[in-house]
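*Asks:* Dropping a structure here in C-alpha cells format, bear with me for questions.
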Amino acid sequence: MKTTNYMDSLIQSVKKFTESKDSPPLAHVHNFGCQLNFSDGEKIKGILMKLGYGFTETYDNADIIIFNTCAVRESAEEKAFGVIGSVKRYKEKKPDLIIGLCGCMAVQEHVVERVKKSFPFIDIVFGTSAIDELPKLLLDVFNGKKHVFDTSEYNKPLSEQMEVVRDSSFKASVPIMYGCNNFCTYCIVPYVRGRERSRNHEAIIAEIKGLVSDGYKEIMLLGQNVNSYGNDLANGISFSELLRRLNEIDGEFVIRFMSSHPKDASFELIDTIIQCEKVAKHLHLPVQSGSNEILKAMNRKYTIEKYLEIVDYARQQVPDFSFTTDVIVGFPNETEEQFNETLEILKRVKYDNIYSFIYSKRSGTRAALFEDNVNYEEKSRRMQTLLALQREISIEGYKRFIGRTMTVLVDDECKNAEGWIHGKSNEFIIVEFKGPKELVGQFVKVKIIGSKNWAVIGEIID
Ligand code: SF4
C-alpha cells in the first residue's frame with residue numbers, strides 16, 4: 001500500500017521538472033464518452049494542477065496532451081485514434097510534448113498493441129484505475145523512459161486523496177462507485193472498468209458537504225448501477241440510505257443520479273425520491289427493450305412486468321412522476337413484433353425523454369458473437385418510427401406542466417434566441433425563458449406558459 005508521503009515525494013520530484021520551465025507548463029485534457037469519463041478527466045486535471053501545470057484549450061501551446069478515451073462503441077475508438085493521430089505533427093514540432101492515452105480504451109489489449117505498432121509518439125498509456133499513478137508515470141517520462149504503460153490492474157479503488165479541477169462552478173459530478181457486475185451482453189464496460197467498487201459513504205458525504213459549502217447547486221451522483229451501491233462493502237449503507245443522508249446536508253442544492261439498473265431499483269428508492277426534498281423528482285430507468293425475449297438475450301435480469309411494477313408504484317403516489325430511459329433498437333434478431341413491444345412500453349410509461357441507439361456490435365462482448373438477421377436499413381426505419389412516437393409522447397406530456405411553477409437551475413444562455421436563458425427543472429425538463437445571463441448557476445422560479453417537443457417555455461416569477 002502506497003502512503004501519502006510516497007505520493008508527496010513523487011509530486012515534488014515531478015515539480016522539479018515542471019518548475020524548471022520559464023512559465024508554468026500547460027496541459028490539455030481531451031475527454032471522450034460518458035459523464036464518468038468526464039469526471040475522471042477532472043481528477044486528471046486535479047493531479048496535473050498539483051504537479052504545477054496550468055491548462056489550455058488548444059493543442060498548439062500544450063506541454064502535455066491527455067486523451068481520456070471511451071470504448072463503448074467501436075466507432076468511438078476509431079474516432080479517438082483519428083484525433084490522436086492528428087496531434088503527431090505537434091510532437092514533431094515540439095519533441096518534449098508529452099502525449100498520453102487513458103480511459104476505457106487503454107485497458108484493452110488490442111488498443112495497447114495498436115499504440116505500440118502505429119502510434120509510437122504516445123508516451124504514456126494508463127487505465128481507469130491507474131489515474132492516481134500519473135505522477136509516477138510522468139516521472140518515468142521525465143527520466144527518459146520511453147513508452148510508459150500502466151494498464152494491468154483495473155480493479156483497485158482510486159485514492160480518496162485526489163484533488164479535482166471541476167469544469168463547472170455550480171454543477172458537480174461525484175462518482176460513488178466504479179465498475180459494473182452486470183455483463184449486459186452488448187456492453188464492454190465490465191471488461192474495461194472492472195467489478196463494482198463502492199466508495200466509503202463518509203468520504204462521499206464529506207466531499208458533497210464541501211461542494212455545497214463551495215456553492216455547488218447540482219450534485220450528480222455517478223455509477224454504472226447506483227442502485228447496487230454499497231453491496232460490496234462490509235459496513236456499507238444502501239443507495240437509498242445514502243440519498244437520505246445527503247438530503248440532510250444544509251444548503252440549497254439538488255441531488256441527481258445516474259444510472260439506475262431496473263433489476264436493483266426498489267420501491268424504497270421511489271419512496272426516498274418522493275420523500276427527500278433535495279432529491280430530484282425524476283428517475284432515469286434504462287428499459288433497453290420492451291420484449292422479455294430481447295431483455296433475456298441482453299442479460300438484463302428483469303422482465304418488463306417487474307420494470308412496470310416500479311413505474312406503477314411511483315405513479316400511484318405521484319401520477320405524473322417523470323421517467324426517462326435508454327432504448328436499443330435493432331438488437332441482433334429483434335423481430336418486428338419485439339420492436340412493437342418496445343413501442344408499447346413507450347406508450348405505456350409515457351417517458352418525458354428517451355436516449356435511443358441503433359445497436360452496434362462491440363467486439364469483446366457476448367452479443368458480438370450473435371448472428372444478426374436484421375439489416376441496417378430496417379434498424380434505421382425502426383429507429384425513425386421510435387423517434388416519431390416519442391416526439392408525440394413528449395409534446396403531449398410536456399403540456400401537463402403548463403400553468404405550474406417550476407424551480408429551475410439555470411444552465412446557460414440560449415444559443416439562437418438573444419435575451420433567453422435555459423435550465424433544468426427538478427423533473428429534468430429543459431425550461432427556456434427570458435432572463436439575464438447573470439442568473440446562470442442560480443435557482444429561479446419559472447411559471448410555465450407553453451411547451452414544444454424538447455422543452456417547456458416559461459416566465460420568471462421572482
Ligand atoms: S449495467 Fe449493463 S449496460 Fe450498464 S454498464 Fe453494466 S453491463 Fe454495461
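The values are calculated or read from the model by the stated rules, or taken from the named source; none is laboratory data. Predicted model, so just to flag it, every value in this text is computed and none were measured. Positions of Cβ are backbone-derived with ideal geometry, glycine not excepted, and every protein chain shown enters the neighbour counts. Ligands, DNA and RNA are excluded from the accessible area calculation, which covers all protein heavy atoms including side chains. Shrake-Rupley method; radii C 1.70, N 1.55, O 1.52, S 1.80 Å.
*Asks:* With respect to the cross-link table entries Lys424/Lys447; Lys79/Lys145; Lys217/Lys350; Lys350/Lys445; Lys263/Lys424, which display a Cα-Cα separation exceeding 21 Å?
*Replies:* Violating the 21 Å limit, Cα to Cα: Lys79/Lys145; Lys217/Lys350; Lys350/Lys445; Lys263/Lys424.
*Asks:* Please give the residues of region 181-208, grouped as numeric ranges, whose backbone N is less than 19 Å from a label point set 7 Å along the Cα-to-Cβ vector of Lys263.
*Replies:* Flagged as within label range: 181-198.
*Asks:* Let me ask something additional. Given Gln338, Asn353, Gly103, which one lies farthest toward the positive end of the charge dipole of the chain, if we put +1 on the Cβ of every Lys and Arg and -1 on the Cβ of every Asp and Glu?
*Replies:* Positive-end residue among those listed: Gly103.
*Asks:* Could you give the accessible area per residue of region 111-218, probe 1.4 Å, as a whole number in Å²?
*Replies:* 41
*Asks:* Sorted by packing (mean other beta-carbon atoms within 10 Å per residue), highest first, where do 101-111, 27-37 land?
*Replies:* The packing order, highest mean first, is 101-111, 27-37.
*Asks:* Still on this structure, please answer the following. Taking θ = phi - 60°, what integer Hz values does the Karplus form 6.51 cos²θ - 1.76 cosθ + 1.60 yield along region 115-125, in sequence order, with x for Gly and Pro?
*Replies:* Residue by residue, region 115-125 yields 4, 4, 7, 10, 10, x, 7, 7, 8, 10, 10 Hz.
*Asks:* Give, in nm to one decimal, the length gained when the segment between Gln35 and Lys209 is fully stretched (0.36 nm per residue of separation minus the Cα-Cα distance).
*Replies:* The Gln35-Lys209 span can extend by a further 60.5 nm.
*Asks:* Taking amide H positions as placed in the peptide plane 1.01 Å from N, state which residues far from Tyr186 in sequence (5 or more) or on other chains have amide H under 5 Å from it.
*Replies:* Amide H neighbours of Tyr186: Ala367.
*Asks:* Which order do peptides 388-395, 326-333 fall in by mean Cβ count within 10 Å, highest first?
*Replies:* 326-333, 388-395
*Asks:* With the contact rule set at Cα under 8 Å and sequence spacing of 6 or more, what percent relative contact order holds for region 97-182?
*Replies:* Normalised by residue count, the contact order of region 97-182 is 27 percent.
*Asks:* Calculated FRET efficiency, Asp96 and Ala368, Cβ-Cβ r, R0 25 Å, to nearest 0.05?
*Replies:* With R0 = 25 Å, the Cβ-Cβ based efficiency is 0.05.
*Asks:* What's the magnitude of the charge dipole for region 284-399 around its Cα centre, counting Lys and Arg as +1 and Asp and Glu as -1 at the beta-carbon? Answer in Debye, nearest 20.
*Replies:* Taking the Cα centre of region 284-399 as origin, the dipole is about 340 debye.
*Asks:* Note down the relative contact order for the chain as a percent, whole number, built from C-alpha pairs under 8 angstrom at least six residues apart.
*Replies:* Reported as a whole number, the value is 9 percent.
*Asks:* On a 1.4 Å probe surface of the protein chains, which of Leu134, Leu233 comes out largest in accessible area, and what is the full order?
*Replies:* Heavy-atom accessible area, descending, gives Leu233, Leu134.
*Asks:* Sort 274-283, 355-364 by the packing proxy (mean of other Cβ within 10 Å over each peptide's residues), most packed first.
*Replies:* Listed from highest to lowest mean packing, they are 274-283, 355-364.
*Asks:* Now for a separate question. If you place +1 on the Cβ of every Lys and Arg, -1 on the Cβ of every Asp and Glu, and leave all else neutral, what size is the dipole of the chain about its Cα centre, to the nearest 20 Debye?
*Replies:* Numbers: 60 positive and 65 negative charges, 123 e Å.
So the dipole magnitude of the chain works out to roughly 580 debye.
*Asks:* With each label point set 7 Å from Cα along the Cα-Cβ vector, what nm distance links Asp167 and Phe183?
*Replies:* Reported label-point gap for Asp167 and Phe183 is 3.3 nm.
*Asks:* For region 168-280, calculate the relative contact order in percent as a whole number, restricting contacts to Cα pairs under 8 Å that are 6 or more residues apart.
*Replies:* Relative contact order comes out at 28 percent.
*Asks:* Still on this structure: Using the alpha-carbon centroid of each, what span in Å lies between region 388-462 and region 230-245?
*Replies:* Taking the Cα centre of region 230-245 as reference, the centre of region 388-462 is 34 Å away.
*Asks:* With θ taken as phi - 60° and the coefficients 6.51, -1.76 and 1.60, list the Karplus ³J(HN,Hα) couplings across region 58-74 in order, rounded to whole Hz; mark glycine and proline as x.
*Replies:* Whole-Hz 3J(HN,Hα) from phi for region 58-74: 10, 7, 5, 10, 7, 9, 9, 10, 10, 9, 9, 9, 10, 10, 4, 10, 5.
*Asks:* Follow-up. Which order do Arg300, Arg348 take by accessible area at a 1.4 Å probe, largest first?
*Replies:* Order by accessible area, largest first: Arg348, Arg300.
*Asks:* Restrict the search to region 313-376; then list the GluC sites (Glu not before Pro) that DSSP places in a loop and that have at most 10 other Cβ atoms within 10 Å of their Cβ.
*Replies:* Glu371
*Asks:* Another one. Here is the link list: Lys88/Lys146; Lys347/Lys399; Lys45/Lys171; Lys306/Lys379; Lys15/Lys171. Which ones come out longer than 21 Å on Cα distance?
*Replies:* In this structure, Lys306/Lys379; Lys15/Lys171 lie more than 21 Å apart at Cα.
*Asks:* Roughly how much of Phe38 is accessible, in Å² to the nearest 10, using a 1.4 Å probe?
*Replies:* Ignoring ligands and nucleic acids, Phe38 comes out at about 80 Å².
*Asks:* With labels modelled as points extended 7 Å from the Cα through the Cβ direction, what inter-label distance (nm, one decimal) is found for Glu78 paired with Asn333?
*Replies:* My value for the distance between the label points is 2.7 nm.
*Asks:* What FRET efficiency, computed as 1/(1 + (r/R0)^6) with R0 = 51 Å and r the Cβ-Cβ distance, is obtained for Lys301 and Ser23, rounded to the nearest 0.05? Could you put the intermediate results ahead of the total?
*Replies:* Values: r = 54 Å, r/R0 = 1.07.
Calculated transfer efficiency: 0.40.
*Asks:* If I measure Cβ to Cβ between cysteines in the chain, which ones have no partner under 4.7 Å?
*Replies:* That list is Cys34, Cys70, Cys102, Cys104, Cys180, Cys276, Cys414.
*Asks:* Then there's this: Show Asp132, Asp320 ordered by accessible area, largest first, where the area counts protein heavy atoms only and the probe is 1.4 Å.
*Replies:* Final ranking, largest accessible area leading: Asp320, Asp132.
*Asks:* How large is ³J(HN,Hα), in whole Hz, for each residue of region 286-297 in order, when computed from phi with the Karplus curve 6.51 cos²θ - 1.76 cosθ + 1.60 and θ = phi - 60°, using x for Gly and Pro?
*Replies:* These are the phi-based 3J(HN,Hα) values: x, 8, 6, 7, x, 9, 5, 5, 5, 4, 5, 5 Hz.
*Asks:* Assuming 0.36 nm per residue, please report the length gained on full extension of the stretch Asp320 to Thr405 beyond their Cα-Cα distance.
*Replies:* Extending this stretch completely gives an extra 29.1 nm.
*Asks:* Could you check the simple spin-label distance between Glu202 and Arg391, using points 7 Å along Cα→Cβ, in nm with one decimal?
*Replies:* A separation of 5.4 nm, rounded to one decimal place.
*Asks:* Considering only protein heavy atoms and a probe of 1.4 Å, how much of the accessible area of region 162-307 is carbon and sulfur, as a whole percent?
*Replies:* That fraction is 48 percent.
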